[in-house]
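Below is one structure, written out as structure tokens; the observations come after it.
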Amino acid sequence: MQMVTDACRADYNAARLAEFAERCHRDGLAVTPQRLAIIRALLASADHPRAEAVYNAVRREHPHISLATVHRTLETLCRIGEARKVTALHDSARYDGNTAPHHHVVCIGCRRIRDIEIPGVERLLDGRNELGEFRLIGCALEVHALCAQCQRRRNHRRQKIKGNN
């Protein structure tokens, strides 16, 4: 199991941006400077941002864009398969510009999300078209864990509690 490297992410992002306009035209969606800025901000972020973080990044280039426009555009990008929502663990939507099949590790402490490669996990469903009454479309694994920083915090609190007893 390993985290997706920055080099792999950069190659993927460059390919996605190069094809973005073509895919939008194919889906009947105008390619606006705001949409391009939103997809660039989404792809540039490795932490699966909320709409507010995308909005803050895009406002530097487009100061008159509204948060509502960013929300609508992210939802449109999800609808046409250019982005996806990540994890039900959060109280507000988190977005991912990487639409290739991949998995996530989510810290249950700080709620940080990272892409993760788990070689062989796809073979778990090889040859299956159905799961009970459900028709299989695809899968994405979400691993819940504690990141190193949250582990240190937890250990520090435990040591503090032991010291007070």
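The values are calculated or read from the model by the stated rules, or taken from the named source; none is laboratory data. Just so we're clear, the structure is a prediction, and the values are computed from it rather than from any experiment. Cβ sites come from the backbone with ideal geometry, for glycine too, and all protein chains shown count toward neighbours.
Which residues, taken from region 110-155, are within 26 Å of ALA53 (Cβ to Cβ) and modelled with pLDDT under 85?
Of everything in region 110-155, those that are within 26 Å of ALA53 (Cβ to Cβ) and modelled with pLDDT under 85 turn out to be ARG111, GLU117, ALA140, LEU141, GLU142.
Which one is surrounded by the fewest Cβ atoms within 10 Å (Cβ to Cβ), of the residues in region 39-78 that are among the charged types (D, E, K, R) and over 15 Å from the mean Cα position of the chain (by Cα)?
ARG60
Considering only residues that are within 26 Å of GLY97 (Cα to Cα) and either among the aliphatic types (A, V, I, L, M) or without any contact (Cβ under 8 Å) to a residue 24 or more places away in the chain (or both), which ones fall in region 140-165?
Within region 140-165, ALA140, LEU141, VAL143, ALA145, LEU146, ALA148 meet the criteria.
Would you please list the contacts, defined by Cβ atoms under 9 Å and residues six or more apart or on different chains, that run from a residue in region 12-33 that is touching a residue at least 60 places away in the same chain (Cβ under 8 Å) to a residue that is β-branched (Val, Ile, Thr) and surrounded by 11 or more Cβ atoms within 10 Å (Cβ to Cβ)?
Hits for this filter: TYR12/VAL4; ARG16/ILE39; ARG16/THR99; PHE20/VAL31; PHE20/ILE39.
I'd like the full set of residues that are of a type in the set (Asp, Glu) and buried (at least 16 other Cβ atoms within 10 Å of the Cβ), limited to region 100-126.
ASP115
A quick yes/no check of all residues on (1) within 20 Å of HIS25 (Cα to Cα); (2) in contact (Cβ under 8 Å) with a residue 24 or more places away in the chain; (3) not polar (S, T, N, Q):
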site: HIS48; (1), (2), (3): no, yes, yes
site: ALA57; (1), (2), (3): no, no, yes
site: ILE80; (1), (2), (3): yes, yes, yes
site: ARG94; (1), (2), (3): no, yes, yes
site: VAL106; (1), (2), (3): no, yes, yes
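Can you name the residue in region 1-29 that is of a type in the set (Asp, Glu) and in a helix (DSSP H, G or I) and is also modelled with the lowest pLDDT among such residues?
First, the residues of region 1-29 that are of a type in the set (Asp, Glu): 6, 11, 19, 22, 27.
Filter once more, keeping what is in a helix (DSSP H, G or I): 6, 11, 19, 22.
Working: ASP6: 69, ASP11: 83, GLU19: 86, GLU22: 87.
Only one residue tops the list, namely ASP6.
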